[in-house]
Amino acid sequence: MKNQVTPYLIFDGQAKDALAFYAEVFHAEITDMQTYGEADFPTPEEANDLVLHAKIKKGDMLIMVSDTFPGNPLEVGNNVALVLECESDSEIQHLYDVMCEKGLSLMELQDTFWGAKYGKVKDQFGIHWDLNFTK
């Protein structure tokens, strides 16, 4: 893996407010913010201004943030995921396969519009993992 595990915080329409709050609290910078409406995939109109993805950075600290997609209910337990940035296609495939053995695939491993191979898994202990390999 390339880096430390990165926390990914998911909100139910409050991501922009959370980003502003955490940026102020941590004296950090908001970067890479993209809304669902700016993304290159079909999005319901009510989601256009919701945050698809953003980062809060300060030094080595990195937190990723998004709003949940309409129709995907937010529940305590699925509002935080851990992101692993993989170094190869074989590594991401291995992690995905092993975590799915006793866990659950939440999003099949697939090529994405952001130029990565990505999958989401809930492991046997209920932890959500975002697996990403930037090509």
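Some observations on this one:
- Qualifying lysines (Cα of each under 18 Å from Cα of Lys58; at least 8 residues distant if same chain): Lys16
- Based on Cα contacts under 8 Å between residues 6+ apart, the range 27-135 shows a relative contact order of 20 percent.
- Extension gain, Glu24-Glu38: 0.36 nm per intervening residue step, less the Cα-Cα distance, totals 2.5 nm.
- Listed by chain and number, the aspartates and glutamates whose C-alpha is less than 16 Å from the C-alpha of Lys2, apart from same-chain residues fewer than 8 away, are Asp60, Glu85, Glu87, Asp89, Glu91, Asp130.
- Calculated FRET efficiency, Asp123 to Phe69, Cβ-Cβ distance, R0 = 22 Å: about 0.50 to the nearest 0.05.
- Looking at the range 38-105, the accessible area is 59 square angstrom per residue; that uses a 1.4 Å probe and ignores ligands, DNA and RNA.
- The DSSP beta bridges internal to the chain are antiparallel in roughly 75% of cases.
- Förster-model FRET efficiency, 35 Å R0, Gln110 and Lys57, C-beta, rounded to 0.05: 0.80
- 3J(HN,Hα) couplings calculated from phi for the range 77-84 with the Karplus curve 6.51 cos²θ - 1.76 cosθ + 1.60 (θ = phi - 60°) are, in sequence order, x, 10, 9, 9, 10, 10, 9, 10 Hz; Gly and Pro show x.
- Peptides 70-77, 27-34, ordered by how many other C-beta atoms sit within 10 Å of their residues on average, highest first, read 27-34, 70-77.
- Distance (nanometres) between label positions extended 7 Å along Cα→Cβ at Thr134 and Ser90: 2.3
The values are calculated or read from the model by the stated rules, or taken from the named source; none is laboratory data. This is a predicted model, so every value here is computed, not measured. Note: ideal-geometry Cβ built from the backbone for every residue, glycine included; neighbour counts use all protein chains shown. Keep in mind that these areas ignore ligands, DNA and RNA; they rest on the heavy atoms of the full protein, side chains included. Shrake-Rupley method; radii C 1.70, N 1.55, O 1.52, S 1.80 Å.
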